[in-house]
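Colleague: Sending over a structure as structure tokens; questions will come in a sec.
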Amino acid sequence: YKADAGVMISASHNSFEFNGIKIFSGDGYKLPDALEEQIESIVLDHRAPYLTPEGGDIGRVSVAENAVKDYIHHIKDIDESFEGLKVAIDCANGSASRTAERLFTELGAQVYMLSDQPNGVNINDNCGSTHMESLMAFVKENHLDAGVAFDGDADRCIAVDEQGNEVNGDLIMYLCARYMKERGTLRNNTVVTTVMSN
């Protein structure tokens, strides 16, 4: 959308009282910590080093009506189908609540939604990637093929197999790497990860 910056209000995997702001540059990447801290100090100081508009000069709001559709189109650009799979998705009452059902359905899965009714205070509340119990039980009790649990801002996920067992980030990366290696697309036969691979 050629924006100069982006701002996300997020509690990440925490409860709503830990909401904070993530700032992204015009190229779509999170700002370096030092620059974020500089912006935070300006905001907290309440004495901006520039003129601040007031009243009708503050700006305008515009809504990108196709943003969800465009986002889903971007991330589902894969040569695979989930046709015939029954999948439960725990959205943690967060960001994935707007996109996950449509994404997985368009990929062909039969979708069962959990924790997809955000109300501003129920994000990550005994649900999502930090509280897997409900998803694990739901998948097993309903004889589904898999489950996926996101965190509040949907930048991490943990999966569940058909037996209701947790499939952690290390195993997910292994499965993806093996899949890519079998197809000759795993560059340098290498996977790089951080300590927390979820």
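Colleague: Just to be sure I understand the filter: pairs with C-beta atoms under 8 Å, separated by 6 or more residues or on different chains, first member in the range 67-80 and touching a residue at least 60 places away in the same chain (Cβ under 8 Å), second member exposed (fewer than 11 other Cβ atoms within 10 Å of the Cβ) and in a loop (DSSP other than H, G, I, E, B). Which pairs pass?
Modeller: Ala67/Tyr1
Colleague: Something else about it: Regarding Phe24, is this residue open to solvent by 70 Å² or more (accessible area, probe 1.4 Å), touching a residue at least 12 places away in the same chain (Cβ under 8 Å) and hydrophobic (A, V, I, L, M, F, W, C)?
Modeller: Spelling it out, it is not the case that Phe24 is open to solvent by 70 Å² or more (accessible area, probe 1.4 Å), touching a residue at least 12 places away in the same chain (Cβ under 8 Å) and hydrophobic (A, V, I, L, M, F, W, C).
Colleague: Does any residue of the range 29-50 turn out to be at pLDDT 85 or above, under 23 Å from Ala100 (Cβ atoms) and surrounded by 10 or more Cβ atoms within 10 Å (Cβ to Cβ)?
Modeller: Taking every residue of the range 29-50 in turn, at least one turns out to be at pLDDT 85 or above, under 23 Å from Ala100 (Cβ atoms) and surrounded by 10 or more Cβ atoms within 10 Å (Cβ to Cβ).
Colleague: Against the condition crowded, with 18+ Cβ neighbours inside 10 Å and without any contact (Cβ under 8 Å) to a residue 24 or more places away in the chain, how does Ala100 come out, does it pass?
Modeller: Judged against the criteria, Ala100 is not a match.
The values are calculated or read from the model by the stated rules, or taken from the named source; none is laboratory data. Model, not experiment: these values are computed from the prediction. All Cβ positions, glycine included, derive from the backbone under ideal geometry; neighbour counts span all protein chains shown. To get the accessible areas, we keep the full protein, side chains included, count just its heavy atoms, and leave off ligands, DNA and RNA. Shrake-Rupley method; radii C 1.70, N 1.55, O 1.52, S 1.80 Å.
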